[in-house]
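Before any comments, here is the structure.
The values are calculated or read from the model by the stated rules, or taken from the named source; none is laboratory data. A quick note: this is a predicted structure, and the numbers were derived from the prediction, not measured. Cβ sites come from the backbone with ideal geometry, for glycine too, and all protein chains shown count toward neighbours.
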Ligand SMILES: NC(=O)c1ccc[n+]([C@@H]2O[C@H](COP(=O)([O-])OP(=O)(O)OC[C@H]3O[C@@H](n4cnc5c(N)ncnc54)[C@H](OP(=O)(O)O)[C@@H]3O)[C@@H](O)[C@H]2O)c1
């Protein structure tokens, strides 16, 4: 894969941190963003080619300043990986469900990704071979209980990227949507349900890095989970009976 300059959001933990290591080890210059430095503190002691630019992606008032901060390090970006995200689950057994969660999740996972595109587009246009990558989720491939907010935000990301691919073709910007399955990170470590085919963040980052070299429109992995979700989509009644929470006798 060509080496160049990559901007990675959500780089302080989990998948973003593992991707940052992948790109640094492959000789790329990495500009890493998140609200906090987290585990990037120790990485920056090892790699001179790593720079941290703080960014709360949900805050659109930061867009101009973050673009200026990126421009102080580089005039162009060859690759951008918009990975920052969060997850919360809606509890319908609650007498007063937390519907405000829809706002919180959309403002990070969807509008935060849109803000990030706003930040980086002028710098991508300065690259000779630009590549814009966004992280959606395999959760969009079939319905999951309690994922009303998370699943909707990631479905929005997927559609947004597929439409953006059309509009950025005239600028020779390739657009890829990544759909990871379950990855062992702080985000999933709070899950109480079983997560089939769970991968380590290093494994996931390696698969993403390798797949991105050929600039696919989409990359969903692992394939075994894609097959399971295909069955869920094509046999929705069976999927519902398997996954829908059972009625509690106290309700
Ligand atoms: N883990 C999985 O199984 C899985 C599966 C499919 C898709 N994904 C997606 O993969 C991405 C990474 O998830 P992960 O599992 O690696 O989670 P993670 O370990 O919790 O990392 C999330 C990253 O996003 C950053 N972030 C969160 N809110 C932010 C905000 N408002 N502004 C800027 N940065 C923010 C966090 O940094 P700060 O807190 O320092 O800001 C952190 O670096 C997410 O988009 C997630 O939805 C994960």
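Observations on the model:
- So residue 143, is it away from the ligand (no atom under 11 Å from the Cβ), part of a loop (DSSP other than H, G, I, E, B), at pLDDT 95 or above and on the phi < 0 side of the Ramachandran plot: yes
- Those residues of the range 174-190 which are over 15 Å from the mean Cα position of the chain (by Cα) and surrounded by 13 or more Cβ atoms within 10 Å (Cβ to Cβ), in sequence order: 174
- Within the range 26-38, if we keep just the residues that are near the ligand (Cβ under 9 Å from one of its atoms) and assigned to a loop (DSSP other than H, G, I, E, B), the residue that is surrounded by the fewest Cβ atoms within 10 Å (Cβ to Cβ) turns out to be 36.
- Note on the range 56-140: enclosed helices (runs of 4 or more DSSP H) holding 3 or more residues that are free of Cβ contacts under 8 Å to residues at least 60 places away in the same chain and either closer than 17 Å to residue 159 by Cα or within 9 Å of the ligand (Cβ to nearest atom) (or both) are 111-124.
- Qualifying positions in the range 159-208 - within 24 Å of residue 127 (Cα to Cα), free of Cβ contacts under 8 Å to residues at least 60 places away in the same chain, assigned to a helix (DSSP H, G or I) and within 13 Å of the ligand (Cβ to nearest atom): 161
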